[in-house]
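Data first, discussion second: the structure below is written as structure tokens.
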Amino acid sequence: MLRILRVAVPVPVQRTFDYLLPDNAEDLTAEPGVRVKVPFGRHHKVAYLLETSDTTDVPLTGLKPATAILDARPLLSKADLELLRWLSRYYHHPIGEVINTAFPSLLRRGGCAVLQREKTLLLTDTGHLAAADQFQRAPRQAWLLAMLRRQSQGLSVAALATLEWNWRPVVTSLHKKGLIRIVEQAMGQVGEKAAPHQPEIQLNAAQMSAVASVSAAFGAYRAFLLEGVTGSGKTEVYTRLVQTVLDRGEQAIVLLPEISLMRQLEARFRERFAVSVAVFHSGLSDAERCRAWLRMQCGEASVLLGTRSAVFTPMRKPGLIILDEEHDVAFKQQEGFRFSARDVAVIRAQRLHIPVLLGSATPSLESYYNAARLRYQPLFLPDRAGHARPPVFRLLDVRNQPLDEGLSAGLLAMTAQTLARGEQVLLFLNRRGFAPILICHACGWVAQCRRCDANLVVHAGDRRLRCHHCDYEQALPVHCALCQAENLYQLGLGTERVQQAVSRLFPEARLARVDRDSTRRKGSLEDALGRTHAGTVDILLGTQMLTKGHHFPHVTLVGILDVDAALYSVDYRAHERMAQQIIQVAGRAGREDKPGTVVLQTRHPDHPLLRLLLEKGYPSFAKAALAERKTANLPPYSYQALLRAEAGMQEAPKRFLQRTKTLIQGLPRRHIDVLGPVPAPMARQAGRYHYQLLLQCNHRAHLHVLLGRLLAQFSTLKEIRRVRWSVDVDPVDLY
Ligand code: ADP
Ligand code: ZN
Ligand code: ZN
């Protein structure tokens with residue numbers, strides 16, 4: 001009988017490929033979910049087995065044998081393989097590339113999927129107590145015991161192999177005497193200790209009720225939205241739930257939007273569940289990521305802490321998925337396979353029949369909408385945990401006020417008072433660099449990037465001009481490039497400029513700046529955060545990096561320098577993001593016993609959404625913002641897909657999308673709006689021209705049918721060869 005391997009090859013085409021069994025593997029029983037090495041074009045590729053079949057549409061003479069089957073057992077479960085196939089259809093992205101995303105890069109390249117184990121020597125209790133003078137006649141045994149006392153993690157056999165003498169008989173005699181034990185452990189995980197038991201915090205009523213609701217759902221699908229104000233003890237809820245999952249002998253995945261948040265939570269988790277924590281993010285080496293993935297896959301690790309793409313990590317015994325800061329746009333992948341880790345987490349939980357918990361102080365409007373429609377069960381932590389009180393908001397009307405580098409007299413006075421009390425101040429401005437514009441006062445010339453439709457940003461620290469959209473940079477010029485006048489002005493405000501002003505105005509104050517530039521050096525973010533915690537910083541200044549999860553208990557004044565830009569942005573999500581940022585940055589202040597004040601400088605103190613946010617809180621704001629979306633028929637009340645195209649020439653992407661539009665108009669389409677093609681908000685980026693075509697529809701299903709039909713016909717467009725194109729389903733960013 002014919003045995004055909006149907007595999008997904010990671011190439012950008014939406015189809016599968018058929019192969020014969022490898023030549024030397026007649027009776028091999030390959031199961032879906034194993035990796036298969038196949039000849040592809042002039043190369044070999046690592047592909048993924050989707051199914052075996054006894055029929056094929058390929059003429060038999062055209063079938064090639066696979067080169068090798070790489071895994072004895074499937075690395076992905078049936079449910080996960082089904083999930084990935086479904087995602088490939090939902091996001092209209094090639095199945096091979098979708099499956100690739102689920103694997104760590106070492107395995108994608110065909111690396112070994114068996115955890116490397118090694119023998120390790122550890123002292124037994126008797127060994128710990130053995131007196132040194134017992135070994136006067138056996139100096140080597142004495143040496144090894146002394147060595148092991150110093151190495152609480154144990155010594156690997158590989159390390160012993162570097163000794164110049166024959167260590168085997170020494171180990172054998174110690175082992176016979178019961179002084180050491182020999183264990184097999186996964187490499188790099190040697191001797192992790194069992195959890196030291198922490199004195200547990202007494203949960204408050206709201207936390208207990210949240211834990212109870214989720215716990216009651218174990219073993220079945222259910223989605224929860226945990227809305228807890230900053231400092232309300234969400235992390236404590238996660239920790240208890242993970243503990244319960246472990247007690248059930250199951251595994252949990254906990255996702256965070258950013259690496260910088262990982263360390264705090266990792267430390268907290270290791271305190272409680274040391275043995276079984278694995279971590280997965282881009283700050284680790286390929287080997288470390290691969291090991292974390294495999295430890296979860298084989299069930300050796302019980303908790304995985306990770307960023308976006310960790311959402312796909314296989315679980316031997318799935319128990320729970322938690323996604324913290326669920327509103328964060330970093331959960332959406334912005335290139336290649338453009339999935340939303342939040343949405344994938346929910347769908348995966350559904351297919352694995354486990355609960356999923358989304359948490360945030362400022363849930364996304366989509367999630368509010370889902371909670372309102374009872375797709376997600378809402379859970380609330382309305383109060384700050386312990387004794388901490390909520391911050392007080394104050395709008396500072398800065399119209400007609402003199403500003404010193406963006407700082408009003410009111411804010412400066414409050415800063416001075418706070419410093420005088422020996423407390424900390426946090427200043428927030430979401431723009432890095434010194435000034436966003438360099439302009440010639442003689443002729444009006446503005447320094448622009450040669451490759452993007454963007455101004456170059458002045459960086460005063462190293463006297464450079466930089467483009468924030470491509471990697472272009474140059475020395476800060478002294479003369480105008482057009483008229484040569486030495487009359488260049490730096491317009492606008494960045495964190496560097498505020499830093500300069502603050503050090504001039506408060507020469508005594510110790511200052512730390514946190515933005516992408518100041519934290520480029522490894523460890524510098526930790527350093528700034530550490531100094532803030534230690535109290536050796538008086539004023540902390542920075543961008544949205546400061547809004548994320550960190551706790552600054554001694555900060556009692558938060559100054560938000562500029563909210564006006566967001567109030568009048570063209571992006572329909574700008575209000576939502578502004579509100580989230582304000583609430584998140586405000587949440588950094590006045591934890592513990594000191595109350596915090598949050599000051600917002602604005603020229604629009606009567607803006608209705610801003611007032612609503614500050615007077616009634618985020619939930620009321622969200623309700624009003626959702627009502628606006630409904631009126632405008634924008635997501636989540638409608639569904640969108642964005643077709644993007646780019647090329648080195650302006651005409652090609654435009655023409656391609658025009659032809660696409662014509663194609664769409666020839667297809668049966670029900671109530672689908674086609675908007676564009678229009679240039680992307682920044683049309684030229686790094687020397688390439690970007691265009692886009694937006695499809696919008698009130699029925700998700702209609703949109704998907706249309707996209708499927710459209711993409712099936714794409715190959716008939718000859719213009720397609722001149723552009724790079726992509727489909728973004730549920731886009732969160734129109735760039
Ligand atoms: P969130 O993640 O909601 O911002 P955390 O879980 O980090 O909040 O908790 C904020 C602070 O409150 C932490 O210092 C935490 O130890 C403390 N905390 C949490 N739950 C309680 C509780 N039930 N009683 C007292 N303190 C608590
Ligand atoms: Zn000039
Ligand atoms: Zn540029």
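Under a 1.4 angstrom probe, counting protein chains only, how are 423, 164, 271 ranked by accessible area, largest first? Walk me through the intermediate numbers first.
Details: 423 35, 164 185, 271 85 Å².
Sorted descending by solvent-accessible area, the residues read 164, 271, 423.
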Using all alpha carbons of the stretch 525-629, what is the percent of pairwise distances in each 5 Å bin, ordered from the shortest bin to the longest? 2, 11, 21, 23, 17, 11, 8, 4, 1, 0
Where a label projected 7 Å from the Cα of residue 183 along Cα→Cβ would reach, residues of the stretch 237-251 with amide N under 20 Å: 246-247, 249-250
With the Cα gyration tensor of the stretch 205-381 in hand, give its eigenvalues times 5 under a square root as the equivalent ellipsoid semi-axes, listed largest first in whole angstrom. 22, 19, 16
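Where Rh is the Kirkwood radius over the Cα pairs of the chain, the temperature 20 °C and the viscosity 1.002 mPa s, what D in µm²/s does Stokes-Einstein return? Can you show the working numbers first?
On the way: Rh = 29.3 Å.
The estimated diffusion coefficient comes to 73 µm²/s.
Using the Cα atoms of the stretch 117-186 to build a convex hull, what is its mean projected area in square nanometres?
Directional mean of the projected Cα hull area for the stretch 117-186 stands at 4.5 nm².
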Rg and Dmax [Cα atoms of the stretch 635-735; Å; Rg one decimal, Dmax integer]: 13.0, 37
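Would the stretch 436-594 count as rounded, prolate or oblate if I go by the C-alpha gyration tensor, calling it rounded below 1.5 in a/c and otherwise prolate when a/b exceeds b/c, oblate otherwise?
On the way: a/c = 2.20, a/b = 1.65, b/c = 1.34.
Cα axes put the stretch 436-594 in the prolate bin.
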Please work out the Cα convex hull volume for the stretch 478-518 and give it in Å³ per residue. 106
Can you quote the Å³ per residue value for the convex hull of the Cα atoms in the stretch 4-108, rounded to an integer? 107
Could you tell me the accessible area of residue 691 in Å² (1.4 Å probe, neighbours in place), rounded to the nearest ten? 20
Report the residues of the stretch 61-92 in range of a label on residue 24: point 7 Å along Cα→C-beta, backbone N strictly under 17 Å from it. 65-72
Placing each pseudo-label 7 Å from Cα in the direction of the beta carbon, residue 397 and residue 483 end up separated by a distance in nanometres of 3.9
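Can you list the trypsin sites (Lys or Arg not before Pro) in the stretch 509-601 that are in a DSSP coil and have 11 or fewer other beta carbons within 10 angstrom? Can you show the working numbers first?
Values: sites: 510, 513, 516, 520, 521, 522, 531, 548, 573, 577, 588, 591; in loops: 510, 516, 520, 521, 522, 548, 573, 588, 591.
Passing both the DSSP loop test and the Cβ count: 520, 521, 522.
Calculate, for residue 146 and residue 114, the FRET efficiency according to 1/(1 + (r/R0)^6) with r their C-beta to C-beta distance and R0 41 Å; round to the nearest 0.05. Working shown, then result.
On the way: r = 35 Å, r/R0 = 0.84.
It comes to 0.75.
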Rank 120, 172, 101 by accessible area, highest first, at a 1.4 Å probe radius? 172, 101, 120
Separation of the residue 375 and residue 451 label points, Cα + 7 Å toward Cβ, nm: 3.9
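Using only helices, what value at 222 nm comes out for the chain when you add -39,500 (n - 2.57) per DSSP H run of length 4 or more and divide by the total residues, to the nearest 500 deg cm²/dmol? It would help to have the intermediate numbers written out before the result.
Working: 22 runs with 230 residues, N = 735.
Value at 222 nm, helices only: -9500 deg cm²/dmol.
How compact is the stretch 384-472 by the rule of thumb for globular proteins, expressed as Cα Rg over 2.2 N^0.38 Å? Don't jump to the answer; show the numbers that get you there.
On the way: Rg = 18.9 Å, N = 89, 2.2 N^0.38 = 12.1 Å.
Against the empirical 2.2 N^0.38 Å value, I get 1.56 for the stretch 384-472.
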If R0 is 41 Å, what FRET efficiency do you get for residue 593 and residue 733 from their C-beta distance, rounded to 0.05? 0.55
What figure, in Å² to the nearest 10, do you get for the accessible area of residue 46 with a 1.4 Å probe and non-protein molecules left out? 20
What FRET efficiency do you get for residue 462 and residue 650 if R0 is 35 Å and r is their Cβ-Cβ distance, rounded to the nearest 0.05? 0.55
Got a sec? Which residues in the stretch 224-245 would a label at residue 267 touch, if it sits 7 Å along Cα→Cβ and we count backbone N under 20 Å? 231-240
By its C-alpha gyration tensor, with a ≥ b ≥ c as the square roots of the eigenvalues, how is the stretch 324-478 shaped: rounded for a/c under 1.5, else prolate for a/b larger than b/c, else oblate? oblate
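The values are calculated or read from the model by the stated rules, or taken from the named source; none is laboratory data. Quick caveat: nothing in here was measured; it's all calculated off a predicted structure. Note that we place each Cβ from the backbone using ideal geometry, even for glycine, and neighbour counts take in every protein chain shown. The area values use the complete protein model at the heavy-atom level, side chains included, leaving out ligands, DNA and RNA. Shrake-Rupley method; radii C 1.70, N 1.55, O 1.52, S 1.80 Å.
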